[in-house]
1. If you scan region 221-231, which residues turn out to be surrounded by fewer than 22 Cβ atoms within 10 Å (Cβ to Cβ) and within 11 Å of the chain's Cα centre (by Cα)?
2. Within region 128-207, considering only helices (runs of 4 or more DSSP H) that don't extend past its boundaries, which have at least 1 residues that are among the small types (Gly, Ala, Ser) and buried (at least 24 other Cβ atoms within 10 Å of the Cβ)?
3. Output the qualifying pairs, or none if there are none: Cβ atoms under 8 angstrom, residues six or more apart or on different chains, first residue in region 114-131 and more than 8 Å from His166 (Cβ to Cβ) and touching a residue at least 24 places away in the same chain (Cβ under 8 Å), second residue β-branched (Val, Ile, Thr) and part of a helix (DSSP H, G or I).
4. Across region 119-159, which residue is nearest to Val44 (Cα to Cα) among those that are among the polar types (S, T, N, Q) and modelled with pLDDT under 95?
5. When you go through (1) within 20 Å of Val22 (Cα to Cα); (2) touching a Gly at 6+ places or on another chain (Cβ under 7 Å); (3) surrounded by 17 or more Cβ atoms within 10 Å (Cβ to Cβ); (4) of a type outside the set (Gly, Ala, Ser) one by one for Asn252, which number turns out not to apply?
6. Would you pick out the residues in region 82-123 that are among the small types (Gly, Ala, Ser) and under 18 Å from Arg31 (Cβ atoms)?
7. Within region 40-60, track down each residue that is over 17 Å from Ala74 (Cβ atoms) and crowded, with 21+ Cβ neighbours inside 10 Å.
8. For region 90-109, which positions are in contact with a Gly (Cβ under 7 Å, 6 or more places away or on another chain) and at pLDDT 95 or above?
Amino acid sequence: MMTSAPVSAAPTQELAGKVALVTGAGINIGRATALALAAAGATVAVNTRASRDAAEAVVREIRAAGGQAECYLADVADATQVQQMTDGVIKRFGRIDILVLNASVRRETRFVDMTFEQWKVPLSISLDGSFHCIKACLPSMIAAGGGNIVALTGSNVLAGGIGKVHSSAAKSGLTGMIRALAREVGQHGIRANCVSPGSINTTRPSHRSARRDAKGIVPLERWGESDEIAATVRFLCGPGASYITGQTLHVNGGQWMF
């Protein structure tokens, strides 16, 4: 069985001078993305809703490596909090060039047992939260003459998933939102794309079962790592992806081939 090779940082700082806001950046893919963008030279605003200690640990790690970062507490589903956060980032760093929409919830509930309140939670974060964040960040990107928006979706958008009707609907809506947005903002030099992770080794809620062996499920015979998703986000935000917009990059080891 093949094992994962460490994802090494590129020798250049292709995002030097850029300011990135990463939502849900305290753990897992969000944390890895904040670190990857900082390694590429970007100043990073590390957002979290409640995990201040985790987000501040990410900030310390970035600073220890010589980068710039600040922690910002905000619930992306709350328009007022998002605007205050965005205003704070711009006041501190002068601009926002990159927005990574990573904040989400991973609750599993079978549809027959799902209440309307449970249905609304993923939509309020993935859809409403993305709306609030994009609306707040777009003026800075337009003024700067360009920018990058990257949304994290997931394989369940196309493959489905038991207990994930609500989150699949939310991520499907987000995918459509980003595609339509790409058509509107391209004239301003702003690119908008999605990254769709497959099964990734992350810190998992205690109620979710342990992950099975990947052999026989994933052609690469292993689950992915957060760093591999972060590397894809970093690529989409960099000059090597300058002609990519309105797309979804599937990073799943071949588990799903769309």
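1. Once the filter is applied, which keeps residues that are surrounded by fewer than 22 Cβ atoms within 10 Å (Cβ to Cβ) and within 11 Å of the chain's Cα centre (by Cα), region 221-231 yields nothing.
2. Result: 129-144, 165-185.
3. Pairs that qualify, where the first residue is more than 8 Å from His166 (Cβ to Cβ) and touching a residue at least 24 places away in the same chain (Cβ under 8 Å) and the partner is β-branched (Val, Ile, Thr) and part of a helix (DSSP H, G or I), are Gly129/Val82.
4. The extreme case among them is Ser155.
5. Going through (1) within 20 Å of Val22 (Cα to Cα); (2) touching a Gly at 6+ places or on another chain (Cβ under 7 Å); (3) surrounded by 17 or more Cβ atoms within 10 Å (Cβ to Cβ); (4) of a type outside the set (Gly, Ala, Ser) one by one, Asn252 breaks only (1).
6. Of everything in region 82-123, those that are among the small types (Gly, Ala, Ser) and under 18 Å from Arg31 (Cβ atoms) turn out to be Ala103, Ser104.
7. Residues satisfying the conditions are Ala40, Ala42, Thr43.
8. Hits for region 90-109 are Asp97, Ile98, Asn102, Ala103.
The values are calculated or read from the model by the stated rules, or taken from the named source; none is laboratory data. All figures in this text were calculated on a predicted structure; none of them were measured in a lab. A quick note on method: Cβ atoms are made from the backbone with ideal geometry, for glycine too, and the neighbour counts reach across all protein chains shown.
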